[in-house]
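Below is one structure, written out as structure tokens; the observations come after it.
The values are calculated or read from the model by the stated rules, or taken from the named source; none is laboratory data. Keep in mind that this is a model prediction, so the values were computed, not measured. Using ideal geometry, Cβ is built from the backbone for each residue, glycine included, and neighbour counts are taken over all protein chains shown. These area figures cover heavy atoms from the full protein model, side chains too; ligands, DNA and RNA do not enter into them. Shrake-Rupley method; radii C 1.70, N 1.55, O 1.52, S 1.80 Å.
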Amino acid sequence: MAASAAVAPRTVLSSFHHRLTFTVPAFLNLATSSARCRCGGGKVRQFSAIRCVQSTEEISSTAGTTISAAAAIGRRNVIDILEERGLLESLTSDNLRSVSSTPESSPVRVYCGFDPTAESLHLGNLLGILVLSWFHRCGHKVVALIGGATARIGDPSGKSLERPELDVESLERNTLGIASTVTRILNSSNSTSFVVMNNYDWWKEFKMLDFLKHVGRYARVGTMVAKESVKKRLESEQGMSYTEFTYQLLQGYDFLYLFQNHGVNVQIGGSDQWGNITAGTDLIRRILQPKEGEGGFGLTFPLLLKSDGTKFGKSEDGAIWLSPSMLSPYKFYQHLFSVPDSDVIKFLKMLTFLDMKVIEEIELQMGSPGYLPNTAQKLLAEEVTRFVHGEEGVREAIKATEALRPGAETKLDWKMIEGIDGEVVNLSVVDLSVSSGLLESKSAARRLMKQGGLYLNNSRVDQESKRIEDEDIVDGKLLLLSAGKKNKVIVRIS
């Protein structure tokens, strides 16, 4: 293929192979439009699209440059911000710092991909949305790409076994669910100039012979085999299928397509996506041969890990889902509230938009004698729940948390009860002793347990692994937690 000139700013379009309907805030105008795109193989086709139009706080110039209320935060380089907050792992080129330094005149267009392997994203996926939000806050354009095509293959990165194949119905349901989740979160944070796209739109009519001719000839097998995700699988007993081996080329072509057709020049992803991201920058360089500094860039952020090295985003009870239909705002809040002191400052930096000076002040307070335990955790839980579930979700979570405290005057309603109901079963006694208000922290609960002073229904709890079971709930209505002989809490189950 011939080299192409730099793509001028244009309206970026969002499309799915099935039309989606979203409920959005009143200040957004949804304008439908159509466009023609040139897919691999040279075929021109037409597709429908949904475009998110900015609020009145934002003015778009004729050159496509957007001036928004985000200007009030100052034009710090987004790369510096990500680095300061522990959200930067690697860059394909340090030139991205200079490229992203002038959002007023030439904002970058950045995308992050999400394969619909489940109906909802989980907390680990939230980092991608957060990094997109930081780019947007610094004046850049953002795209969330749903992998309706790539999910049919399965990304081998970080996996010891091949992903199970999903049927079409599940893929479509998952695609709708994830698109809805991303849209809801970005809408709630006023990131109105975002776009949601589906890579199935350009893959569904791309013939294999055309792919091999226009893309495959530029892929170097030696480079593909050298990718860390490939090497690990080839060395394992299970090995790797040809289907999985080609995944990096599919994701690489996504970047090429978005770069060539929509001016998207930055791809972001977790550190385990480095091989797939560089596959894209390599294809752009080989096929389009852009001028120096005008090619594609890649950026990775660290995986969300706890201080013990395990992933934060999945609990013993399963994934910490972002969709309220799969995990209530109350339980989502509780997962964040239960973060240990050793991790809370790190997560405040990575998962919130709080000013770094505020976070540094909290860190200082944590070491002072007058610090109220779990203050930092409460702030973390409120900020992240607000970002994911909005103000209503925060209010619901806090109200439900207060309702669990014995003697609380909180007025219950069916929605709150629905959020609490079933949340106690499988919860650890240590966590429940804190969320119920019996003890101030999990460390205090563990100390009391070792001293033999923590009781559940008048029976001593001597194992930290003890979790609430159905048979622990007295007459299906309540639990009695005791700290010593005098301090008791009744947890009522509705």
Given (1) without any contact (Cβ under 8 Å) to a residue 40 or more places away in the chain; (2) part of a loop (DSSP other than H, G, I, E, B); (3) within 22 Å of residue 142 (Cβ to Cβ), index of the condition residue 264 fails
(1)
Does residue 278 fit the bill of being among the polar types (S, T, N, Q) and within 19 Å of residue 299 (Cβ to Cβ)?
yes
Filtered residues of region 434-468 (kept if within 22 Å of residue 402 (Cα to Cα) and either assigned to a loop (DSSP other than H, G, I, E, B) or acidic (Asp, Glu) (or both)):
436, 437, 438, 439, 440, 441, 457, 468
Anything in region 199-250 that is open to solvent by 30 Å² or more (accessible area, probe 1.4 Å), small (Gly, Ala, Ser) and without any contact (Cβ under 8 Å) to a residue 12 or more places away in the chain? List them, or say none.
222, 226
For region 275-301, how many residues are farther than 30 Å from residue 213 by Cα and either open to solvent by 30 Å² or more (accessible area, probe 1.4 Å) or touching a Pro at 6+ places or on another chain (Cβ under 9 Å) (or both)?
0
Return the only residue of 151, 179, 144 being in contact with an Asp or Glu (Cβ under 6 Å, 6 or more places away or on another chain), outside any loop (DSSP other than H, G, I, E, B) and among the aliphatic types (A, V, I, L, M).
151
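Here is a yes/no grid of residues against (1) under 31 Å from the mean Cα position of the chain (by Cα); (2) of a type outside the set (Val, Ile, Thr); (3) more than 25 Å from residue 330 (Cα to Cα); (4) open to solvent by less than 80 Å² (accessible area, probe 1.4 Å):
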{"residue": "432", "(1), (2), (3), (4)": "yes, yes, no, yes"}
{"residue": "436", "(1), (2), (3), (4)": "yes, yes, no, yes"}
{"residue": "445", "(1), (2), (3), (4)": "no, yes, no, yes"}
{"residue": "453", "(1), (2), (3), (4)": "no, yes, yes, yes"}
{"residue": "458", "(1), (2), (3), (4)": "no, yes, yes, no"}
{"residue": "463", "(1), (2), (3), (4)": "no, yes, yes, no"}
{"residue": "468", "(1), (2), (3), (4)": "yes, no, no, yes"}
How about region 438-469: which of its residues are of a type in the set (Asp, Glu) and over 22 Å from residue 338 (Cα atoms)?
none
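Within region 320-337, is there a residue that is open to solvent by 40 Å² or more (accessible area, probe 1.4 Å) and closer than 27 Å to residue 465 by Cβ?
Step one: of region 320-337, the residues open to solvent by 40 Å² or more (accessible area, probe 1.4 Å) are 321, 324-326.
Subsequent filtering for residues that are closer than 27 Å to residue 465 by Cβ retains 321, 326.
Looking for residues that are open to solvent by 40 Å² or more (accessible area, probe 1.4 Å) and closer than 27 Å to residue 465 by Cβ, one finds at least one in region 320-337, hence yes.
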Filter region 52-74 down to the residues that are within 25 Å of residue 345 (Cα to Cα) and either open to solvent by 60 Å² or more (accessible area, probe 1.4 Å) or at pLDDT 80 or above (or both) and list them by number.
73
Candidates 348, 364 - the one that is of a type outside the set (Lys, Arg) and either within 16 Å of residue 133 (Cβ to Cβ) or open to solvent by less than 10 Å² (accessible area, probe 1.4 Å) (or both)
348
Could you list, in sequence order, all residues of region 356-373 that are out of contact with any helix residue (DSSP H, G or I) (no Cβ under 7 Å at 6 or more places or on another chain) and either of a type in the set (A, V, I, L, M, F, W, C) or closer than 21 Å to residue 437 by Cβ (or both)?
358, 364, 370, 372, 373
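So, in region 421-430, exactly how many residues are open to solvent by less than 40 Å² (accessible area, probe 1.4 Å) and either touching a Phe, Trp or Tyr at 6+ places or on another chain (Cβ under 9 Å) or more than 13 Å from residue 472 (Cα to Cα) (or both)?
Here is the first cut: in region 421-430, the ones open to solvent by less than 40 Å² (accessible area, probe 1.4 Å) are 423-425, 427-430.
From what's left, either touching a Phe, Trp or Tyr at 6+ places or on another chain (Cβ under 9 Å) or more than 13 Å from residue 472 (Cα to Cα) (or both): 423, 430.
The total comes to 2.
Please determine whether any residue of region 131-138 is within 14 Å of the chain's Cα centre (by Cα) and open to solvent by 10 Å² or more (accessible area, probe 1.4 Å). Working first, answer last.
Within region 131-138, the subset within 14 Å of the chain's Cα centre (by Cα) is 131-134.
Right, trim to open to solvent by 10 Å² or more (accessible area, probe 1.4 Å) and you get 134.
Yes, that holds for at least one residue.
Any residue in region 331-351 that is assigned to a helix (DSSP H, G or I), out of contact with any helix residue (DSSP H, G or I) (no Cβ under 8 Å at 6 or more places or on another chain) and not small (Gly, Ala, Ser)?
Step one: of region 331-351, the residues assigned to a helix (DSSP H, G or I) are 331-337, 341-351.
Adding the requirement that they be out of contact with any helix residue (DSSP H, G or I) (no Cβ under 8 Å at 6 or more places or on another chain) leaves 342-343, 346.
Imposing the further condition that a residue be not small (Gly, Ala, Ser) reduces the set to 343, 346.
Taking every residue of region 331-351 in turn, at least one turns out to be assigned to a helix (DSSP H, G or I), out of contact with any helix residue (DSSP H, G or I) (no Cβ under 8 Å at 6 or more places or on another chain) and not small (Gly, Ala, Ser).
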Neighbours by Cβ (under 9 Å, 6+ apart or cross-chain): first from region 86-107, within 29 Å of residue 345 (Cβ to Cβ); second aliphatic (A, V, I, L, M) and part of a loop (DSSP other than H, G, I, E, B)
89/303; 96/108; 100/108
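Looking only at region 352-361, which residues are part of a helix (DSSP H, G or I) and open to solvent by 30 Å² or more (accessible area, probe 1.4 Å)?
Filtering region 352-361 for residues part of a helix (DSSP H, G or I) gives 356-361.
If the condition is that a residue be part of a helix (DSSP H, G or I) and open to solvent by 30 Å² or more (accessible area, probe 1.4 Å), then 357, 358, 360, 361 are the ones that fit.
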Is it fair to say residue 259 is touching a helix residue (DSSP H, G or I) at 6+ places or on another chain (Cβ under 9 Å) and open to solvent by less than 30 Å² (accessible area, probe 1.4 Å)?
yes
